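One structure below.
Every number here is computed from the coordinates shown, using simple stated rules; none is lab data. All of these numbers come straight from a predicted model, not from anything done at the bench. Virtual Cβ from ideal backbone geometry, glycine too; neighbours counted across all protein chains shown.
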Amino acid sequence: MSACRQTRSLRTNPVLRALFHFPRLLVLLSTSLAMLAIPTRADENRLTVFAAASLTNAVGEAAKRFEQQTGIAIRLSFAGSSTLARQIEAGADADLFLSANEAWADYLLDRGLLDPQHQSRSLSNDLVLVGPFGNGQKSLPHLSERHLFSRLGKDGLIAMGDPDHVPAGIYGKQALEALGLWQATSRRIARTDNVRAAVALVSRREVPLAIVYKSDMVDIEDLQILYVFERTGPPIRYVFAKTTNSHSTAAEQLLSFLSGTEGMAIFRRYGFSTATEK
């Protein structure tokens, strides 16, 4: 067969064309599989961390410290714990999940998405009622319906995380229920997707009050703590855990750093406490 007829046959006959290119495809496929099987240095030196919004400042500083010490790059994604948990459940790529409550961590544990052998429940926080400075506002020795509504006025709202799914909001609802105030205030709640959004609302004076974490008040100069909720619900417990999707030993290294002496010292500077201090 002439070269011209051979070329024409390859163009017109799909079977011949496939057989002609098959050796090349086989080489490309085997090369690609070999490359996938070899972990790259970049994969080993890069981590993705999903962290609760309330951890933004503290984890930001801790991540920088860890990067300086190890050379491992960290990509941080902050949002409400419920939002992050749903993203991990949907297949999002994360090495560590830092949850603001145990419920959302347990939700992922029950679905086999967190590693029960690599987790920490050492970090804690306090819940506080806050408002802007000025107007003669003073801290309250106790919280009653009269005190609360005198601060809210006729149309004012209390900003807090959505109590249906945001940990700070769940804690807030439990605290108000314990004080017998939830029924009176449930229709005066400005629900937010995360606790930092609640802080922003009261800072901009769009609402007169907000229920947030004590750690959210560090370095906030235009707000004051009016009341600290004590023994009004279960302790606030953060859960740091490695995802089962992560195969990086660096993730375990970062988890140890965050829950160790150096990491906990950073968290304390940002208003957090340890579970043993509660």
* Alpha-carbon Debye profile of segment 119-201, log10 I(q)/I(0) at 0.13, 0.14, 0.23 Å⁻¹ -> -0.43, -0.50, -1.30
* Structure fact -> Output ordering of 68-76, 203-211 (per-residue mean of other Cβ within 10 Å, highest first) is 203-211, 68-76
* Structure fact -> One finds the C-alpha centres of segment 83-119 and segment 216-278 to be spaced, in Å, by 16 Å
* Sequence-separation-based contact order of segment 93-205, relative, with Cα cut under 8 Å and 6+ spacing, percent -> 24 percent
* Asked: What residues have an amide H closer than 5 Å to that of I236, excluding those fewer than 5 places away on the same chain, when H is modeled at 1.01 Å from N in the peptide plane?
  -> N125
* Structure fact -> Counting sequence-distant residues (5 or more places) and residues on other chains, those with an amide H built under 5 Å from that of I158 are I189, A190
* Structure fact -> Under 5 Å from the placed amide H of T274, counting only residues 5+ away or on other chains, we find S124
* Asked: For segment 190-195, in order, what is each residue's ³J(HN,Hα) by Karplus, 6.51 cos²θ - 1.76 cosθ + 1.60 with θ = phi - 60°, in whole Hz (x at glycine and Pro)?
  -> 9, 7, 10, 6, 7, 5
* Sorted peptide list for 91-102, 166-177, 213-224, criterion being average Cβ within 10 angstrom, highest first -> 166-177, 91-102, 213-224
* Asked: Based on the mean of other beta carbon atoms within 10 Å per residue, what is the order of 52-58, 148-154, 267-273, 123-129, most packed first?
  -> 52-58, 123-129, 267-273, 148-154
* Structure fact -> A chain fully extended from T276 to R65 at 0.36 nm per residue, minus the present Cα-Cα distance, gains in nm 73.5 nm
* Could you calculate the FRET efficiency of Q253 with S77 from 1/(1 + (r/R0)^6), where r is the beta carbon distance between them and R0 is 22 Å, rounded to 0.05? => 0.70
